[in-house]
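Take a look at the structure below.
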Amino acid sequence: NWSGSLIVASLTGAFGSSFLYGYNLSVVNAPAVYIKKFYNETWERRYGFSVDESTLTLLWSITVSIFAIGGLVGAVIVTPIVKFFGRKCTLLLNNVFAVTAALLMSLSLLAGSFEMLILGRIIMGIDAGISLSALPMYLSEISPKEIRGSLGQVTAIFICIGVFTGQVLGLPEIFGQESRWPYLFGAIIVPSLIQVVILPFLPESPRYLLLEKHNTSEAEKAFQRFLGKDDVSHEIEEVLAESRVQRNTKLVSILQLLRTRAVRWQVVTVVVTMGCYQLCGLNAIWYYTNNIFSEAGINHETIPYVTRSTGAVETLAAVFSGLVIERLGRRPLLIGGFGLMIVFFSVLTASLTLQENVYWLPYLSIFCILAIIASFCIGPGGIPFVLTGEFFQQSQRPAAFMIAGTVNWLSNFAVGLLFPFIQAGLQTYCFLVFAGICLAGAAYLFFVLPETKNKTFHEISQAFAKRNKVTLEMQEMNHYPGERKSSAEQESDFTSSVDNGETKKGIV
């Protein structure tokens, strides 16, 4: 099922999208000391006195968390963009934001303007907000259902690879020096250029071509490329089965989606999983790994190398999840991942609290951090993106990803901005807050989430029908409001409306 085009599309799409998201999560960690010094020197040169510690902490928190504000903007504007330009073209055009951000951030030291760095972080956030919605949408629509989960995990795997790459390039031997830290941000241009060169030669999403552009011939060619076979009549028919009941509806807005009773619990589940994805504490570890290891008593010279282990562990865990997701399913990996995080957050709290009394406890703290990261990447780190693509029909998917993206980025911003203050207030007990969030998420998923492994979009809707308190017929009417026709009438309409793969007037 893994054709060459499918592999290249997923790798290229992820390298220029989710890779950059992960990279920008970790890239600010290594040069933090030098960037703060740059802020202080710039402030002193402008105003004649050094910035006070509280203002510097606030500026740094804004630099870290403003990335999420840009991501929120990207998540909000992605729906009209993917509708008008398509999934693939959206990923391509999104590189304009990445290149602009890279130039601003890498030239900020030379220009003596920390505002350029902050502005670049906002623009880079917009890029991430668009890509984290457009990429999972693209991957879920080009893959056969048998490997939809594995292909969806490519997003999470490249997030982890991006985090690890940012950590490695931040080593003192590479760009982790006072004179070289701008190169860390200039490196963002490389993945963007690679995506711009390769992605144009790959097809657009066949579901987008068939259901939204009504271009049967191009959709058939796209299916043939991605599936690596000539006979794609079964796949075309599967998509047309959705099209027959969708033909009388337009793209669903967020308000319409929230009002649709047939997808009420799907929306709630996406909100919960995306909220827990950010609020479970992993971004706090990615943003402030050096501080956490320092509090654990690790030697300052050793910290940059110990930090690299977190990126390696999360990458291996994400790859493992991609290999087993189609065997174990989404539900066990999600619930099990959150469950393990609860255990290791609790142990981490105890070890940080008692480390002054027992000499070996700092090493237990390191182990717990690595175990938390592995537990996250096994399930919660990528499956929420997969579920958002699986829960909704074609007309609902852009609005669903906008809701998921909004929750994702608001939660990301909250963690990045508030964690330093939570850590200062609660000291070693701060991670119990994240353990509580993981517990709430695991409990919800245990009682609500059905298994979606190897199921069509229609079968997943059936699994939620009872909880949404609608019959299957009512669910289809809620999905696709408007005057209903019989299957025979719809098939006749469709056949008469398409000629040589081109759409005639009146098909909608």
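The values are calculated or read from the model by the stated rules, or taken from the named source; none is laboratory data. All of these numbers come straight from a predicted model, not from anything done at the bench. As a convention, Cβ positions derive from the backbone with ideal geometry for all residues, glycine included, and neighbour counts pool all protein chains shown. We work out accessible area using only protein heavy atoms, side chains counted, and drop any ligands, DNA or RNA first. Shrake-Rupley method; radii C 1.70, N 1.55, O 1.52, S 1.80 Å.
Start at zero, step by 10 Å, and the Cα-Cα distances of the chain spread as 4, 19, 29, 25, 14, 7, 2, 0 percent across the bins. Express in whole angstrom the spacing between the alpha-carbon centres of segment 1-67 and segment 109-159. Going from one Cα centre to the other spans 14 Å.
What's the ranking of 15-25, 202-212 by average number of surrounding C-beta atoms within 10 Å, highest first? Before the final figure, lay out the partial values.
Numbers: 15-25: 26.6, 202-212: 22.5.
Output ranking for 15-25, 202-212: 15-25, 202-212.
At a 1.4 Å probe radius, carbon and sulfur cover how many percent of the accessible area of segment 1-202? Please report the intermediate quantities before stating the final value.
Details: 5020 of 6950 Å².
Of the solvent-accessible surface of segment 1-202, carbon and sulfur hold 72 percent.
Simple rule: put +1 on each Lys or Arg Cβ and -1 on each Asp or Glu Cβ in the chain, find the dipole, and look at GLY22, THR452, LEU258; the Cα lying farthest toward the positive end is LEU258.
To put it simply, the accessible area of segment 250-480 at a 1.4 Å probe is 68 percent carbon and sulfur.
Would you mind checking LYS88/LYS145; LYS213/LYS469; LYS221/LYS453; LYS88/LYS229; LYS213/LYS466; LYS88/LYS453 for any pair whose Cα atoms are more than 23 angstrom apart?
Details: LYS88/LYS145 20 Å; LYS213/LYS469 33 Å; LYS221/LYS453 27 Å; LYS88/LYS229 21 Å; LYS213/LYS466 33 Å; LYS88/LYS453 25 Å.
From LYS88/LYS145; LYS213/LYS469; LYS221/LYS453; LYS88/LYS229; LYS213/LYS466; LYS88/LYS453, over 23 Å: LYS213/LYS469; LYS221/LYS453; LYS213/LYS466; LYS88/LYS453.
Between ALA111 and GLU173, the modelled labels are 3.4 nm apart [label points 7 Å from Cα along Cα→Cβ]. THR63 exposes around 0 Å² of accessible area when a 1.4 Å probe is run over every protein chain in place.
Of the whole protein surface, PHE49 contributes about 110 Å² of accessible area at a 1.4 Å probe radius. Computed extension length for TYR363-VAL96: 91.8 nm, one decimal, from 0.36 nm per residue of separation with the Cα-Cα distance subtracted.
If R0 is 51 Å, what FRET efficiency do you get for TYR305 and HIS458 from their C-beta distance, rounded to 0.05? Mind showing how you got there, number by number?
Working: r = 51 Å, r/R0 = 0.99.
After rounding, the FRET efficiency stands at 0.50.
Secondary-structure-derived ellipticity at 222 nm for the chain, considering helices only, amounts to -24000 deg cm²/dmol, per-run term -39500 (n - 2.57) for DSSP H runs with n ≥ 4.
Note on VAL190: accessible area approximately 80 square angstrom, rounded to 10, probe 1.4 Å, nucleic acids and ligands left out. Largest accessible area first, the listed residues ARG467, ARG87, ARG45, ARG264 line up as ARG45, ARG264, ARG467, ARG87 when surface is computed with a 1.4 Å probe on the assembled protein chains. For the chain, the per residue solvent-accessible surface stands at 39 Å², with DNA, RNA and ligands left out and a 1.4 Å probe.
Its Cα centre serving as origin, the chain has a Cβ charge dipole (Lys and Arg +1, Asp and Glu -1) of approximately 760 debye. For a Förster distance of 51 Å, can you work out the FRET efficiency between the beta-carbons of SER233 and VAL343, rounded to the nearest 0.05? Approximately 0.55, to the nearest 0.05.
Using the beta-carbon distance between GLU44 and ARG327 and R0 = 51 Å, what value does 1/(1 + (r/R0)^6) give for FRET efficiency, to the nearest 0.05?
Values: r = 59 Å, r/R0 = 1.15.
With R0 = 51 Å, the Cβ-Cβ based efficiency is 0.30.
Within the chain, helices built from complete DSSP H runs that reach 18 Å or longer along their own axis (Cα positions) and carry a mean Kyte-Doolittle hydropathy of -1.0 or higher are 53-85, 114-142, 148-169, 233-246, 264-279, 303-328, 330-354, 361-378, 397-426, 431-448. For segment 125-195, the equivalent ellipsoid derived from the alpha-carbon gyration tensor has semi-axes of 31, 13, 9 Å in decreasing order. With a 1.4 Å probe rolled over the protein heavy atoms of all chains, the accessible area of LEU169, LEU132, LEU110 falls in the order LEU110, LEU169, LEU132, largest first.
Taking Cα centre as origin and charging only the Cβ of basic (Lys, Arg, +1) and acidic (Asp, Glu, -1) residues, the dipole magnitude of segment 296-376 rounds to 340 debye.
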